[in-house]
1. Quick one: net charge of LEU86's neighbours, Cβ under 9 Å, K/R +1, D/E -1?
2. Give me the distance in nm between label points sitting 7 Å out from Cα along the Cα-to-Cβ direction at GLU10 and MET147, one decimal.
3. Which residue fluctuates most in the GNM of the chain (Cα springs below 10 Å): PHE130, PHE84, PHE30?
4. Can you put MET147, MET137, MET40, MET167 in order of accessible area, largest first, using a 1.4 Å probe?
5. Can you tell which of GLY156, GLY15, GLY126 shows the greatest fluctuation in a Gaussian network model of the chain with Cα springs below 10 Å?
6. When the dipole is taken about the Cα centre of region 46-126, and only Lys, Arg (+1) and Asp, Glu (-1) are charged at their Cβ, what size is it in debye, to the nearest 20?
7. Using a Gaussian network model of the chain whose springs link C-alpha atoms within less than 10 Å, name the residue from ASN75, ASN48, ASN93 with the highest mean-square fluctuation.
8. ILE43: accessible area at probe 1.4 Å, nearest 10 Å²?
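The values are calculated or read from the model by the stated rules, or taken from the named source; none is laboratory data. Quantities reported herein were computed from a predicted structural model and do not represent experimental measurements. Positions of Cβ are generated from backbone atoms using ideal geometry, with glycine treated the same way; all protein chains shown enter the neighbour counts. To get the accessible areas, we keep the full protein, side chains included, count just its heavy atoms, and leave off ligands, DNA and RNA. Shrake-Rupley method; radii C 1.70, N 1.55, O 1.52, S 1.80 Å.
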Amino acid sequence: NRTGQTFTVEYTANGIRAAHGEVQGSVLVFRDVTERRQLMQQISWQSNHDILTGLPNRAALTTRFEHEVARARQNDYLLAVCLFDLDHLQQVNDKLGHAVGDELLKNVASRLHDFAGQRHFVARLGGDEFVLLLPEMHARASVEAAMERLMQALSGDYLCEGQTVAM
């Protein structure tokens, strides 16, 4: 529009015909569907992502896992599937509250996302469980080195709701 906002519209067009069938004009109907489109995009995002952390969820993991297994077979390389959970999250929730526990999960998700980058894939299964897919691994030693780097990245203290939390 004139203010620079972008709207999504649906339109229909029909001809106006004279009695003998000749087109004499047309009727155009435009409908603003911006809000509906945004809602559909939000629903689509939520169906494939964990709401708390923003990481892909179990459904997205399933799709990506199948894709990566096929690529690993086709290209003859290793695909490491790393399942892990956070130790003592329940104790954090009990001692410091669920708000701190949720913030901790968000911080862990952020570190996992940073570690994964464009090459790897991380997802939250739920609770304190995460999965990391490491495609294009050529040797077990590469996987072990990656896991060592990941554990080091995750082991630092976390600042959650103004409190330092060690994991």
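1. Spelling it out: positives minus negatives among the neighbours equals -4.
2. Placing both labels 7 Å beyond Cα along the Cβ direction yields 5.1 nm.
3. Evaluated over the chain, the most mobile residue of the options is PHE30.
4. MET40, MET167, MET147, MET137
5. Maximum among the listed residues: GLY15.
6. In debye, rounded to 20, region 46-126 gives about 220.
7. Its mean-square fluctuation being the largest, the pick is ASN75.
8. Answer for ILE43: close to 100 Å² accessible.
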